[in-house]
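What follows is a short report on a single structure.
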Amino acid sequence: MSFSFDSFVADIRAAADGPDANAKVRAEIERCITNPDQIVAATPADGEDEVMLFEDQSVSIWWCRFQPHVVMPPHEHLLEVHIGAYAGAEKNIVFTQTGGRLAHDFTRVVRAGEMLSLDRDCIHAVTADGDVRSLALHVYMGPLMQLTRGLFDWDTGDKIDFTMENFNQMKRPASALAAY
Ligand SMILES: [Fe+2]
């Protein structure tokens, strides 16, 4: 069966509605990324890197493209998120915040066909691993864009308002990532 983002949104909305939503959403993403080339074919080759497909109170559905030379700054979602990679490899650098400081918890590279689920209190920075862009489906278990969220200063761990201006200003080159 061919993939379309419209049918993906419909299937995820159905999965997110009712009991066992997390398990059902995960299973739906997992099913889709077993045929990653079909999702790549449905993804615009250029334009926006992070595209919201749908959002309501129960679920927010995105696809995200990351580039290997730039790292998105540490940020929180305040929601559980299920990530399913379908091209390249998405590198997730996960932190905890203890006593106001960021501590590196773990790094996980999610390759095409693999999944990663993060808890609602998770803080991560994200980039593409390797030499090529990554593509992944990101499903957040609630209304992501309605939440007041934070970014975290790379060095001090200070929490900063999540605005696009701050987000863009805090991106780092991949060369700064040697420690992670
Ligand atoms: Fe994120």
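The values are calculated or read from the model by the stated rules, or taken from the named source; none is laboratory data. Just so it is clear, the model here is predicted, and its values are computed rather than measured. Heads up, the Cβs are rebuilt from the backbone with ideal geometry, glycines too, and the neighbour counts pull from every protein chain shown. Note: areas computed on protein heavy atoms with side chains; ligands, DNA, RNA excluded. Shrake-Rupley method; radii C 1.70, N 1.55, O 1.52, S 1.80 Å.
Table for the structure above
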item	result
Out of ALA42, ALA112, ALA27, ALA125, sole residue that is among the small types (Gly, Ala, Ser) and under 22 Å from GLN169 (Cβ atoms)	ALA125
Exclusive hit being on the phi > 0 side of the Ramachandran plot and either touching a helix residue (DSSP H, G or I) at 6+ places or on another chain (Cβ under 9 Å) or at pLDDT 95 or above (or both), set ASP11, ASP20, ASP56	ASP20
Test for MET52: is it in a strand (DSSP E or B), within 24 Å of ILE12 (Cα to Cα) and within 16 Å of the ligand (Cβ to nearest atom)	yes
Residue match in the range 154-174 (condition: touching a helix residue (DSSP H, G or I) at 6+ places or on another chain (Cβ under 6 Å), surrounded by fewer than 19 Cβ atoms within 10 Å (Cβ to Cβ) and either part of a strand (DSSP E or B) or among the basic types (Lys, Arg) (or both))	yes
Lone unmet requirement of (1) open to solvent by 10 Å² or more (accessible area, probe 1.4 Å); (2) within 13 Å of the ligand (Cβ to nearest atom) for CYS64	(1)
Any hit, the range 97-104, residues being under 17 Å from the mean Cα position of the chain (by Cα) and either of a type outside the set (A, V, I, L, M, F, W, C) or over 30 Å from SER175 (Cα atoms) (or both)	no
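Results for (1) open to solvent by less than 10 Å² (accessible area, probe 1.4 Å); (2) away from the ligand (no atom under 12 Å from the Cβ); (3) over 17 Å from GLU50 (Cβ atoms), shown as yes or no for each residue.
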site	(1), (2), (3)
HIS75	no, no, no
ALA103	no, yes, yes
PHE106	no, yes, yes
VAL109	no, yes, yes
ALA112	no, yes, yes
ASP119	no, yes, yes
VAL126	yes, no, no
GLY130	no, yes, yes
ALA136	yes, no, no
